[in-house]
Amino acid sequence: MAGRKVVAAVLLVLAAAAAGYATLAAAADQGEPGSRLDPLVTKSFVEKYVQEVLGTAGSSGLQWQVKNLSAGQQFIGGAGTEFIVRTGSATVVDPTGSGLPDVTAGTSVANGRPADRNHLFIIPRPDGRGIRAQSPVIIMYRGGGEVK
C-alpha cells in the first residue's frame, strides 16, 4: 500500500512537471521578441514604411507650408488641417456654427471672432471652416487647404 502511494505521488509530480513544461513552451511562442509571432524589424524596413505612409498623405503631408493672404482672402482648410496665423489680423470663418478649435487656448473660436496670432488651430472636418484676412496675413499650415 505504501508503494502505491509513492507511485501515485511520483506520477502526480511527473504530470505536474509535464503540464508546467507545456505551459512554458506555449508561452514562449506567444509574442516573445524575435519569435515568429513578434519578429524584430530593421531600421530600413521602418524608414521605408514611414516613407510610404508619408507618400500617401500627399506632398503637404506633415510638412509645414507658408501662405500669404491679402486682405479679404480666405484660407479654408480640409479635415485635420492645422494652421497658425503668424502676422497680420484674421477672423474665423465658420459656416457650421460649431466654432474653430484653438488648441493653444483650449477654446473654440466662433465665426467672425479674431484668430489670435501664434495660436494653433485645427480644422476637424472639410466643412468650410478657416480664416478671412483682415489685413495682409502670413500663415503656416499643414494638411490641405485652399485660398479663396
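The values are calculated or read from the model by the stated rules, or taken from the named source; none is laboratory data. Computed from a predicted structure; not experimentally measured. Positions of Cβ are generated from backbone atoms using ideal geometry, with glycine treated the same way; all protein chains shown enter the neighbour counts.
Descriptive notes on the structure:
- Subset of the stretch 85-99 [at pLDDT below 95 and within 24 Å of the chain's Cα centre (by Cα)]: S98, G99
- Here G144 passes the criteria (1) loosely packed, with under 15 Cβ neighbours inside 10 Å; (2) modelled with pLDDT under 95; (3) on the phi < 0 side of the Ramachandran plot except the one numbered (1).
- Residue count for the stretch 32-51 under the criterion of being modelled with pLDDT of 70 or more, more than 24 Å from M140 (Cα to Cα) and out of contact with any Gly (no Cβ under 6 Å at 6 or more places or on another chain): the result is 13.
- Selection count, the stretch 127-148, where residues are closer than 14 Å to E82 by Cβ and part of a loop (DSSP other than H, G, I, E, B): 3
- Filter result (in contact with a Gly (Cβ under 8 Å, 6 or more places away or on another chain), among the aliphatic types (A, V, I, L, M) and modelled with pLDDT under 90) within the stretch 52-75: L54
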